[in-house]
Amino acid sequence: MSKFLEISQLVKTFPTPKGPLTVVRDFNLGVKKGEFIALIGHSGCGKSTVLSMAAGLTDVTEGGVILAGKEVTGAGPDRGVVFQAPCLLPWYTAFENVMLGVDQVYYTASAVERRQIAEYYLTIVGLGESMHKRPSELSQGMRQRCGIARAFALSPKMLLLDEPFGMLDSLTKFELQDVLLDLWQRDQKTALIVTHDVDEALYLADRVVMMTDGPEATVGDILEVNFPRPRTRKQLMEDPEYYRLREHLITFLNERSHLRPGKEASPALAHH
């Protein structure tokens with residue numbers, strides 16, 4: 001099956017006072033159309049750098065990112081990006097913030113149609129009653145709902161999510177993971193989420209890509225997550241396979257993330 005997103009031999013080097021620092025090296029990943037991928041690793045390992053290069057927000061040092069047959073050379077509306085803190089314009093309402101993108105992408109549609117698109121996504125994410133409030137009147141979770149609505153409303157080819165629920169309390173986080181899955185299931189967007197939360201990765205993703213620690217971070221391991229969809233937390237918690245996969249991820253993060261692929265831990269390290 002052809003890859004919808006192809007990340008090949010990706011390298012990112014930053015200049016520092018002590019000379020160039022390579023944060024990511026030889027990162028390779030192929031993603032099928034409609035696949036949901038979670039990218040997991042320790043803080044600072046380069047996960048967000050990879051996502052930022054795929055989004056076209058950070059220049060690639062070497063290698064390339066190809067989305068739907070075209071090389072990514074800059075940011076574009078074919079990628080919907082959701083950050084940990086949604087960048088909403090404070091003087092606009094939630095509705096107006098979503099309309100900014102909708103007006104750009106659907107410039108051939110009528111004003112009524114554009115309005116309906118914005119209202120549809122804001123309603124699905126649970127902001128039907130609050131869409132005419134400004135960000136300062138919304139909770140952190142509601143602002144993030146607006147960020148998710150905005151990303152989906154652009155009808156992008158790909159969704160890129162950088163720890164979107166990292167700043168939320170557990171209850172809000174669970175609610176928003178369900179909002180995200182509900183939206184994703186409606187139109188099967190190809191999605192890549194960066195997270196350091198093992199349970200989030202297993203709940204959302206078809207495959208979990210584990211990154212080694214930086215500098216020179218790369219793909220350390222890839223885990224297939226074959227739970228049927230739509231998923232419920234209860235169903236996952238009752239499945240022994242869930243705990244086996246969870247253990248695999250935790251073992252990688254605790255014991256193997258500092259190794260580049262092909263190198264085995266020395267026996268002395270294996271027991272830490």
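At a Förster distance of 22 Å, what's the computed FRET efficiency of Asn254 paired with His196, Cβ-Cβ distance as r, to 0.05?
My answer for the efficiency is 0.95.
What's the magnitude of the charge dipole for the chain around its Cα centre, counting Lys and Arg as +1 and Asp and Glu as -1 at the beta-carbon? Answer in Debye, nearest 20.
Taking the Cα centre of the chain as origin, the dipole is about 360 debye.
Can you list which of the GluC sites (Glu not before Pro) found in the range 116-172 are DSSP loop residues with at most 11 other C-beta atoms within 10 Å?
Listed in order of number, the matching sites are Glu129.
For the pair Thr16/Arg233, report the inter-label distance in nm, with labels modelled 7 Å from Cα in the Cβ direction.
Inter-label distance under the simple model: 3.9 nm.
Among all the lysines, which ones have a C-alpha under 20 Å from Lys33's C-alpha, if same-chain residues fewer than 8 places away are not counted?
Lys3, Lys70, Lys157, Lys189
Using 7 Å Cα-to-Cβ label points, what is the Asp178/Ala75 separation (nm, one decimal)?
It is 3.2 nm.
Taking the Cα centre of each part, how many Å lie between the range 15-32 and the range 199-248?
The two parts, judged by their Cα centres, are 24 Å apart.
Calculated from the structure, mean projected area of the Cα convex hull in nm² equals which of [x] 12.5; [y] 16.7; [z] 14.5?
It is the value labelled [y].
Could you give the Stokes-Einstein D for the range 79-120 in µm² per second, using the C-alpha Kirkwood radius, 20 °C, 1.002 mPa s?
Value of D from the Cα-based Kirkwood radius: 193 µm²/s.
From the C-alpha gyration tensor of the range 38-187, pull out the three semi-axes of the equivalent ellipsoid (sqrt of 5λ each), sorted largest to smallest, in whole Å.
Those come to 25, 20, 13 Å.
Pull up the cross-link candidates among the lysines for Lys18, meaning alpha carbon to alpha carbon under 29 Å and not fewer than 8 places away within one chain.
Answer for Lys18, where 29 Å is the Cα cut-off: Lys47, Lys263, listed by chain and number.
Compare Pro17, Pro261, Pro86 in a GNM of the chain, Cα atoms joined below 10 Å, and give the one with the largest fluctuation.
Pro17
Write down the percent of antiparallel bridges among all DSSP beta bridges whose residues are both part of the chain, to the nearest 5.
Bridges in the chain are about 50 percent antiparallel.
Compute a Gaussian network model of the chain, connecting alpha carbons closer than 10 Å, and tell me which residue from Ile37, Ile250, Ile193 fluctuates the most.
Maximum fluctuation in the GNM of the chain, among the listed residues, is at Ile250.
Among Gln104, Tyr121, Met158, which residue has its Cα furthest toward the positive end of the charge dipole of the chain, with +1 on Lys/Arg Cβ and -1 on Asp/Glu Cβ?
The residue sitting most towards the positive pole is Gln104.
Below 19 Å, Cα to Cα, which aspartates and glutamates can Lys32 reach? Residues fewer than 8 away in the same chain don't count.
Candidates past the 8-residue exclusion: Glu6, Glu71, Asp78, Asp187, Asp206, Asp221, Glu224.
Within 10 Å of each residue's Cβ, count the other Cβ atoms and sort Met53, Met237 from fewest upward.
Result, fewest neighbours first: Met237, Met53.
Within 10 Å of each residue's Cβ, count the other Cβ atoms and sort Glu247, Glu255 from fewest upward.
Ascending number of Cβ neighbours within 10 Å: Glu247, Glu255.
Bin width 5 Å, origin at 0, all Cα-Cα pairs of the range 100-162: what percent of pairs per bin?
Result returned by the calculation: 3, 18, 28, 24, 17, 7, 1.
So in the range 159-267, what percent of DSSP beta bridges are antiparallel if you round to the nearest 5?
55
Around Leu88, under 12 Å between beta carbons, what's the net of Lys plus Arg minus Asp minus Glu among the other residues?
Taking every Cβ under 12 Å from that of Leu88, the sum is +3.
Using a cut-off of 14 Å between beta-carbons, work out the net charge of the residues near Ile7 (Lys and Arg +1, Asp and Glu -1, Ile7 not included). Please report the intermediate quantities before stating the final value.
Details: positive: Lys3, Lys12, Arg25, Lys32, Lys47, Lys70, Arg79, Arg207; negative: Glu6, Asp26, Glu35, Glu62, Glu71.
Net local charge, Ile7 excluded: +3.
Could you check which residue among Phe14, Phe36, Phe152 shows the biggest mean-square fluctuation in a GNM of the chain with a 10 Å Cα cutoff?
Its mean-square fluctuation being the largest, the pick is Phe14.
Residues of the range 102-117 with the amide nitrogen closer than 12 Å to a label point 7 Å from the Cα of Asp187, along Cα-to-Cβ, please.
Only 102, 105-106, 117 fall inside the zone, counting backbone N under 12 Å.
Values quoted throughout were computed directly from the atomic coordinates according to the rules given, and no laboratory measurement underlies them. Fair warning: this is a prediction, and the values are worked out from it, not measured in the lab. In this analysis, Cβ positions are derived from the backbone assuming ideal geometry, glycine residues included, and neighbour counts consider all displayed protein chains.
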